[in-house]
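What follows is a short report on a single structure.
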Amino acid sequence: MTLDRDTLNNLYRYCFALSGNESDAYDLLQSGVEKFLRVKTDSISNKIAFIKKIIRNHYIDEYRKQSRANVEQFDEAVTYVDMDTQPMEQIIASQLQVESVWQELSSGEREILYFWAVEGYSTSELAEFLQMPRGTLLSKIHRLRIRLEEKFEDTYREDVV
């Protein structure tokens, strides 16, 4: 398998979604590709997903050790999820708004947002990839959606006034 420019750009965007930092994203990408090239890949059916898993595991290992990753506590008692709110895809935001909000998100929230909104993973696919219960993922997406709506609503009000 050759890693063309589009594939590397896709992997870089994923690394940036995890790290939230340009130089850390390049380091993650390099480490992930290096580890992938050392593995016998004959039996691997989806090599891109395998590289993303390597990158994610490397991020968790290295950045937790350095206390740079924000670990989000999850309250298991939350069971109600209101899915009738405005879809995240319909929120209109400027580049500046997105950059502002992106920096406020934890690495876990950025990862969920990346796979769900950018890559188009279904919640079932994403829950399986992240190895978390689907209900937990839906709760996280719901809370993330509310935070983003509130942030964009506040920014929109400031622009109008």
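For the reader, a short list of remarks on this structure follows.
- Protection proxy ranking, highest mean first, for peptides 125-135, 39-49, 6-16: 6-16, 125-135, 39-49, where packing is the per-residue count of other beta-carbon atoms within 10 Å, averaged.
- In order along segment 113-129, phi translates into HN-Hα couplings of 4, 4, 5, 7, 8, 8, 7, x, 5, 6, 5, 5, 4, 5, 4, 5, 4 Hz, rounded to whole numbers, per the Karplus curve 6.51 cos²θ - 1.76 cosθ + 1.60 with θ = phi - 60° and x for Gly and Pro.
- Unit charges at the beta carbon, dipole of segment 5-65: most positive-side option, Ala49, Ser31, Ser19: Ala49
- Relative to one another, the C-alpha centroids of segment 18-35 and segment 122-152 are positioned 24 Å apart.
Taken together, the values in this text are just the output of simple stated rules run on the coordinates, not laboratory data. Because the structure is a prediction, the values reported are computed rather than measured. Note: ideal-geometry Cβ built from the backbone for every residue, glycine included; neighbour counts use all protein chains shown.
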